[in-house]
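The values are calculated or read from the model by the stated rules, or taken from the named source; none is laboratory data. Remember, it's a predicted structure, so these values are computed and weren't measured experimentally. Cβ placement follows ideal geometry from the backbone for every residue including glycine, while neighbour counts extend to all protein chains displayed.
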């Protein structure tokens, strides 16, 4: 292992440890030995994830006049997945080691004939469908088969006619959804990057076919801006064009935003031109007309689709890994999350200097109540000495800490506001506190 690989592994180990220690993310079913490819979000991790989702929804839905939000069911009629091509084609090449019986994706092995775990010989590759299969109702025959959806997109395509009939939108317009998806990954790995249960944030944007290049470029710019808004460094973001042989069966053009994770440059955000493949297939299989009638041009046709899609969990991992920082403060090593305030799970923490002084605690509680009413994500912390509280809030990623001390009570000299990134402290009049923090947050 090279020094660079060792350093990246060390960073990932430190990040996973921090996430568990501070209540961000835990191994799924941990007390029973865990379940590979599953992770549970603790209080801070959940808030971080929800903040990312809220920002996405604000930018891609609420700030636009041409977008309709929806939430389709996870379970769908099995013919949905037959029409989309998932039943016949949603698979990865699987190989198994003859010695240790461990299974791997064939396309991810450095040596296609050698097991990376024990060095044994691996067998021939076979195609493995990644959809989770289940049965709906009491019966377990072929008619009752359903699947946990492997993507959220199809729920929007099968509701295209419902949106047309209910809202009569003019092209171009989009459907947007944030929801769970499931893939029975052969070899889940890299923390939140490749997991079996995850969330997607997707838009299916319906357009006239002759406008696809213009719309594709439009969405390229929008998604880059959102990546920067959640705090991803521009130098770690890269756009990669898919080669012709890489394109999915439904795509005429696809580009990925790839991010420099500690374990390498990997896909974060996809943008695909899906042509009219999906609506045409569902129209054929369901025998329901999914065309669009343009009243101005007196023309009926099946719209084409631009699809910007990003994984919630991969976004959380990108945000955490880029925010993870180690430095030295006061002669001691410090670990902190340099999160932008918009996604930080706690915006402000309020401390009494000492927890056994009722006047300090009372005043700190008053300030905490005021700030919580203003910002919501505010935490009261009186556990341990002031230095330990600062370190704890640094690891959580809290941008600002407010301390109530004796000068606050005896001299009406305001409070101390500490900046997470620099450690700089300044006195602030209580009357100006909320306004000052609002300008920063």
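Residues in region 143-172 that are over 31 Å from the mean Cα position of the chain (by Cα), farther than 19 Å from residue 286 by Cβ and in a helix (DSSP H, G or I): 144 only.
Does residue 156 fit the bill of being touching a residue at least 12 places away in the same chain (Cβ under 8 Å), within 30 Å of residue 303 (Cα to Cα) and not assigned by TED's automatic domain parsing to the domain that holds residue 281? Here the answer is no, as residue 156 does not meet what is asked.
Among the numbered conditions (1) surrounded by 14 or more Cβ atoms within 10 Å (Cβ to Cβ); (2) in contact with a helix residue (DSSP H, G or I) (Cβ under 8 Å, 6 or more places away or on another chain); (3) not assigned by TED's automatic domain parsing to the domain that holds residue 14, the only one that residue 104 does not meet is (2). So which residues in region 40-63 are exposed (fewer than 15 other Cβ atoms within 10 Å of the Cβ) and touching a residue at least 60 places away in the same chain (Cβ under 8 Å)? 43, the sole residue that qualifies. So residue 94 fits all but one of (1) at pLDDT below 95; (2) closer than 24 Å to residue 158 by Cα; (3) surrounded by 15 or more Cβ atoms within 10 Å (Cβ to Cβ); what number is the exception? Every listed condition holds for residue 94 apart from (2).
Return yes or no: is residue 96 farther than 21 Å from residue 249 by Cα and not assigned by TED's automatic domain parsing to the domain that holds residue 184? Answer is yes for this residue.
Only one of the numbered conditions (1) buried (at least 19 other Cβ atoms within 10 Å of the Cβ); (2) closer than 23 Å to residue 154 by Cα; (3) touching a strand residue (DSSP E or B) at 6+ places or on another chain (Cβ under 7 Å) is violated by residue 183, and that is (3). Anything in region 165-180 that is crowded, with 17+ Cβ neighbours inside 10 Å and either out of contact with any helix residue (DSSP H, G or I) (no Cβ under 9 Å at 6 or more places or on another chain) or closer than 28 Å to residue 93 by Cα (or both)? List them, or say none. Correct list: 179 only.
The residues of region 108-128 that are in contact with a strand residue (DSSP E or B) (Cβ under 6 Å, 6 or more places away or on another chain) and within 23 Å of residue 184 (Cα to Cα), listed by number, are 115, 122, 123, 125, 126, 127, 128.
Residues in region 124-141 that are assigned to a loop (DSSP other than H, G, I, E, B) and either under 30 Å from residue 75 (Cβ atoms) or modelled with pLDDT of 90 or more (or both): 130, 131, 136, 137, 138, 139, 140, 141. Taking the criterion of being touching a helix residue (DSSP H, G or I) at 6+ places or on another chain (Cβ under 8 Å), part of a helix (DSSP H, G or I) and buried (at least 16 other Cβ atoms within 10 Å of the Cβ), the residues of region 13-28 that qualify are 15, 18, 19.
Within region 275-300, the set of residues being closer than 30 Å to residue 226 by Cα and either in contact with a helix residue (DSSP H, G or I) (Cβ under 8 Å, 6 or more places away or on another chain) or not assigned by TED's automatic domain parsing to the domain that holds residue 209 (or both) comprises 275, 276, 278, 279.
State yes or no: is residue 217 outside any strand (DSSP E or B) and buried (at least 20 other Cβ atoms within 10 Å of the Cβ)? Before you say what the answer is, go through the steps one by one.
Working: outside any strand (DSSP E or B): yes; buried (at least 20 other Cβ atoms within 10 Å of the Cβ): no.
No: the conditions fail for residue 217.
Results for (1) at pLDDT below 95; (2) surrounded by 14 or more Cβ atoms within 10 Å (Cβ to Cβ), shown as yes or no for each residue.
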{"position": "237", "(1), (2)": "no, yes"}
{"position": "240", "(1), (2)": "no, no"}
{"position": "244", "(1), (2)": "yes, no"}
{"position": "259", "(1), (2)": "no, yes"}
{"position": "268", "(1), (2)": "no, yes"}
{"position": "274", "(1), (2)": "no, yes"}
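Scanning region 29-59 for residues that are under 16 Å from residue 18 (Cβ atoms) and part of a loop (DSSP other than H, G, I, E, B) yields a single hit, 42.
Among the residues making up region 289-308, those that are surrounded by 13 or more Cβ atoms within 10 Å (Cβ to Cβ) and over 23 Å from the mean Cα position of the chain (by Cα) are 290, 291, 292, 294, 301, 302, 303, 304.
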